[in-house]
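The numbers here are math on the coordinates, done by the rules we state, and not lab data. Since the structure is predicted, the reported quantities are computational estimates derived from the model, not experimental observations. As a convention, Cβ positions derive from the backbone with ideal geometry for all residues, glycine included, and neighbour counts pool all protein chains shown.
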Amino acid sequence: MELRYEVSVSLHEFDALATDSHEAFVAELPEPPRIAVCAVGLMGQQAESERDVASAARVMRSNYEGPVSILAVLANRFEERGSGTIVGISSVAGVRGRATNYVYGSAKAGFTAFLSGLRNRLSKRGVHVVTVLPGFVATQMTEGMDLPAKLTAEPSEIADAIARAVERKKDVIYVRPIWRLIMLIIRNIPERIFKEIRI
Amino acid sequence: MKLSGWGRYPVLEARVHRPRSMETLQQLVASEPSLIARGNGRAYGDSAINTCATIDMRHLNRMIAFDPASGQLIAEAGVLLGDIIAAFLRRGWFPLVTPGTKFVTLGGAIAADVHGKNHHRDGSFRSCVDWIEVMGADGQVRRCSPQDDPDLFDHTLGGMGLTGIILRAAIRLQPVETAWIRQTTLAAPNLKAAMAAFEAAQDATYSVAWIDCLAAGSNLGRSLVMLGEHAGRADLSPRQALAPFQITSKRKLSIPMDLPAFTLNSLTVRAFNALYYRAGERKTGTRLVDWDSYFYPLDAILGWNRIYGRKGLAQFQCALPLDRSEAGLTALLSEIAKAGAGSFLAVLKRFGKQDSAFSFPMEGYTLALDFPVTPKTLALLDRLDQITLAHGGRFYLAKDSRMTSATLRASDPRAADFHAHRDSHGFTSRFTSAQSERLAL
Ligand SMILES: Cc1cc2nc3c(=O)[nH]c(=O)nc-3n(C[C@H](O)[C@H](O)[C@H](O)COP(=O)(O)OP(=O)(O)OC[C@H]3O[C@@H](n4cnc5c(N)ncnc54)[C@H](O)[C@@H]3O)c2cc1C
Ligand SMILES: NC(=O)c1ccc[n+]([C@@H]2O[C@H](COP(=O)([O-])OP(=O)(O)OC[C@H]3O[C@@H](n4cnc5c(N)ncnc54)[C@H](OP(=O)(O)O)[C@@H]3O)[C@@H](O)[C@H]2O)c1
């Protein structure tokens with residue numbers, strides 16, 4: 001990254017699940033960041049999450065508790081300072097629970113709600129919050145899955161969209177416009193029908 | 001998954017692995033009986049496909065070190081040439097050798113030992129390679145260079161992935177003052193004139209010709225010869241000189257779907273080619289062109305391979321020795337014009353000297369053109385193979401998707417040596433592609 005973009009980069013070991021350490025983690029950074037992007041997430045296996053409470057808890061904590069904890073600490077710092085941008089990568093999976101991945105989806109739903117609340121709280125405090133709702137992205141998380149090419153973004157597309165959203169102070173972004181439409185439809189299917197279909 | 005090269009012919013069902021770490025890669029080499037590395041899939045045919053295990057190298061794409069004193073970049077094989085340009089052109093560096101698309105990986109450029117418009121002066125890609133690291137069938141990584149383990153180096157450059165997996169390389173970039181090229185266009189009414197223009201332009205840094213492969217008779221070989229030099233600061237307008245490495249980025253067009261095959265018949269090609277030549281004729285002379293339009297005109301049309309329809313396209317590229325180039329090219333172009341099956345994209349280029357174990361270029365001329373895949377064009381390609389053989393020429397494996405092993409052997413005595421080298425290192429059963437099997441390499 002340093003070579004490609006002529007920027008200086010420093011790495012800091014971080015465990016989202018070790019929530020007790022988050023205050024100290026932020027305090028020990030060489031300088032408080034101007035922009036914080038949270039890309040932590042864990043898909044897990046839905047079938048395993050259904051069988052095993054501990055696995056389900058891990059998915060929930062990785063997508064909700066951990067990200068929320070670190071962003072809460074950063075949010076307080078940013079609020080004190082009166083500036084900063086927080087970007088949370090949530091997911092379209094959080095828009096409506098589906099049989100195939102609702103444990104992950106429910107945690108993302110919680111995370112999306114958290115980001116929305118945080119934005120509401122800090123909007124008058126000079127701190128901007130961006131919620132990113134990607135559809136499919138070709139990463140490790142989805143490797144080996146048979147995803148429709150037209151709906152699947154490259155990680156660099158997500159990165160470009162985030163950079164634009166930060167510059168233009170966007171609140172909620174989808175990547176690839178088609179997903180806004182898809183989610184509009186999914187959101188509006190009556191529950192009576194939704195419960196019968198497999199998507 | 002279904003996998004093909006850039007020509008989308010042939011399409012094969014293959015298992016693809018996408019390692020993100022050296023350890024995963026090492027495990028794959030240890031566990032897969034046979035495999036082949038794949039870069040960005042810009043070779044036209046089946047050279048980067050192994051149906052059992054194709055190793056997509058694009059995640060191993062770190063840039064590791066750059067020395068601004070020498071211009072040496074050390075990077076992993078999955079880095080794209082376009083990424084190198086994006087990172088280093090603004091600092092005044094450009095690849096020494098580049099093919100006609102920037103969407104190739106470093107590994108692919110090395111494995112095919114690609115050539116650019118400056119081959120007559122600067123040679124093939126190997127000219128800028130200081131060393132490479134290659135993982136062998138035993139999972140061991142060996143660093144080789146023209147000095148250390150020159151045998152492995154020589155066989156890997158141009159070895160089409162058949163001597164192991166290229167992991168990293170140190171390449172030298174060339175210093176440039178601006179992002180612009182001073183392009184001079186000459187109209188050559190026939191082949192003789194085009195070749196004379198190349199011979200007269202031996203000192204030009206870049207030279208290439210677009211050739212109208214449907215022109216026949218006295219117009220046979222009618223071409224626009226394009227020469228280029230890196231522009232200096234003094235060549236730029238005052239506005240350009242303010243930001244000499246900046247060009248306005250163009251809107252990318254993309255071909256959203258396969259066009260029906262009839263869009264590309266000899267009539268449309270003939271009309272296009274004639275128009276292009278006339279337009280070029282009027283625009284002869286010198287002008288400034290930005291690097292992206294100059295080196296990569298086709299990259300502006302994403303997915304242009306789709307204009308050839310669902311059946312895909314086949315490229316033909318041969319190199320002919322200097323003393324038999326004129327006769328060979330005349331015979332090839334006559335055959336193509338007679339069949340009326342040409343393409344928009346026919347390119348003629350003068351090659352300089354090349355001395356290597358299995359790289360494609362040889363001193364002389366190279367002709368490259370596309371055909372839609374149909375039974376008729378496949379038969380024409382077989383005839384072009386024979387003409388090339390009869391004139392002592394050989395074929396570019398990065399473009400090939402249909403040649404026979406007998407043709408390869410007849411064209412290139414080095415093929416047997418290459419096979420023997422592979423055999424003696426136990427590579428023949430371990431590093432194999434659909435192409436290497438077809439060609440019995
Ligand atoms: C529009 C266009 C223009 C072109 N113009 C030119 C040109 O002007 N000159 C020229 O020389 N070529 C040209 N080419 C061909 C192209 O440069 C080569 O085919 C190049 O090898 C493609 O690189 P890639 O990363 O896409 O590799 P792939 O197509 O994925 O693979 C090509 C070969 O490289 C091997 N390979 C890839 N990565 C590795 C690795 N890490 N280790 C070992 N082996 C590896 C593969 O096994 C395969 O044999 C052109 C292609 C296109 C589509
Ligand atoms: N891929 C998709 O289709 C898709 C779609 C919508 C949303 N998303 C979201 O996009 C974000 C990025 O995911 P991705 O697709 O890039 O998948 P990924 O490669 O699996 O990335 C997930 C990241 O989260 C990190 N992580 C997980 N648990 C952690 C923990 N306890 N502490 C610290 N880091 C932890 C992982 O770090 P390690 O590698 O070190 O484990 C990894 O870098 C996630 O929030 C994901 O939910 C992805």
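Taking 2.2 N^0.38 Å as the expected size of a compact globular protein, what ratio does the Cα radius of gyration of chain B give against it, to two decimals?
0.95
Can you work out the Karplus-derived ³J(HN,Hα) for every residue in region B:418-429? Use 6.51 cos²θ - 1.76 cosθ + 1.60 with θ = phi - 60°, whole Hz, and x for glycine or proline.
Karplus-based 3J(HN,Hα) across region B:418-429 equals 4, 4, 4, 4, 4, 4, 5, 9, x, 8, 4, 9 Hz.
Evaluate the Kirkwood expression for the hydrodynamic radius of the protein assembly as shown, namely the inverse of the mean inverse distance over all pairs of different C-alpha atoms, and round to one decimal in Å.
Computed over the protein assembly as shown, the radius equals 27.3 Å.
Over region B:63-177, one equal point on each Cα, no solvent: what is log10 I(q)/I(0) by the Debye formula at q = 0.09 Å⁻¹?
Per q value, in the given order, log10 I(q)/I(0) is -0.21.
Return the Cα extents of region B:109-259 along principal axes one, two and three, sorted largest first, each rounded to a whole Å.
Principal extents (largest minus smallest coordinate, Cα): 55, 48, 42 Å.
Over region B:321-441, calculate the relative contact order: mean separation of alpha carbon pairs under 8 Å at least 6 apart, over the residue count, as a percent.
24
Determine the relative contact order of chain A: mean sequence separation of Cα pairs under 8 Å and six or more apart, normalised by residue count, in whole percent.
Computed over chain A, the figure is 18 percent.
What angle, in degrees between 0 and 90 and rounded to the nearest 10, separates the Cα long axis of helix A:66-81 from the longest principal axis of the Cα atoms of chain A?
For helix A:66-81, the angle is close to 40 degrees.
Using amide H atoms built 1.01 Å from N in the peptide plane, name the residues 5+ places from A:Val172, or on other chains, whose amide H lies under 5 Å from its own.
Residues meeting the amide H criterion: A:Thr131.
Along the Cα-to-C-beta direction of A:Arg198, a point sits 7 Å from the Cα; which residues of region A:106-149 have their amide N less than 20 Å from that point?
Only A:145-148 fall inside the zone, counting backbone N under 20 Å.
If you average the sequence gap of Cα pairs under 8 Å that are 6 or more apart and divide by the length of chain B, what percent do you get for the contact order?
18
Can you pull the semi-axes for chain A, root of five times each eigenvalue of the Cα gyration tensor, sorted largest first, whole Å?
Largest first, chain A gives 29, 20, 18 Å.
Return the long-range amide H neighbours of A:Val87 (sequence gap of 5 or more, or a different chain), with a cut-off of under 5 Å between placed amide H atoms.
A:Ala36, A:Val37, A:Cys38, A:Val130
Once every Cα of region A:56-123 carries one equal point scatterer and solvent is ignored, give the base-10 log of I(q)/I(0) from the Debye formula at q = 0.13, 0.14, 0.18, 0.22 Å⁻¹, two decimals.
-0.38, -0.43, -0.65, -0.87
Compute the angle between helix A:102-122 and the longest alpha-carbon principal axis of chain A, please, reported from 0 to 90 degrees and rounded to the nearest 10.
The helix A:102-122 is inclined about 40 degrees to chain A.
R0 = 22 Å: FRET efficiency of B:Lys283 with B:Ala200, Cβ-based, nearest 0.05?
For B:Lys283 and B:Ala200, the calculated efficiency is 0.65.
Given N residues in region A:108-199, what is Rg(Cα) / (2.2 N^0.38 Å)?
For region A:108-199, the normalised Cα radius of gyration is 1.25.
Quick check: Cα centre of region B:88-133 to Cα centre of region A:41-87, how many Å?
What the calculation gives is 45 Å, centre to centre.
Quick one: 3J(HN,Hα) in Hz for region A:14-20, Karplus 6.51/-1.76/1.60 with θ = phi - 60°, rounded, Gly and Pro as x.
So the Karplus estimates, Gly and Pro as x, are 9, 10, 5, 7, 8, 5, 4 Hz.
With labels modelled as points extended 7 Å from the Cα through the Cβ direction, what inter-label distance (nm, one decimal) is found for A:Asp160 paired with A:Ala24?
4.2
Near the amide H of B:Glu363, under 5 Å away, which other amide H atoms are found, from residues 5 or more places off or on another chain, if H is placed in the peptide plane?
Close amide H contacts, sequence-distant or interchain: B:Gln354.
Work out from phi, with θ = phi - 60° and the Karplus expression 6.51 cos²θ - 1.76 cosθ + 1.60, the ³J(HN,Hα) of each residue of region A:34-41, listed in order in whole Hz, and give x for Gly and Pro.
Working through the residues one at a time gives 7, 10, 10, 10, 9, 10, 5, x Hz.
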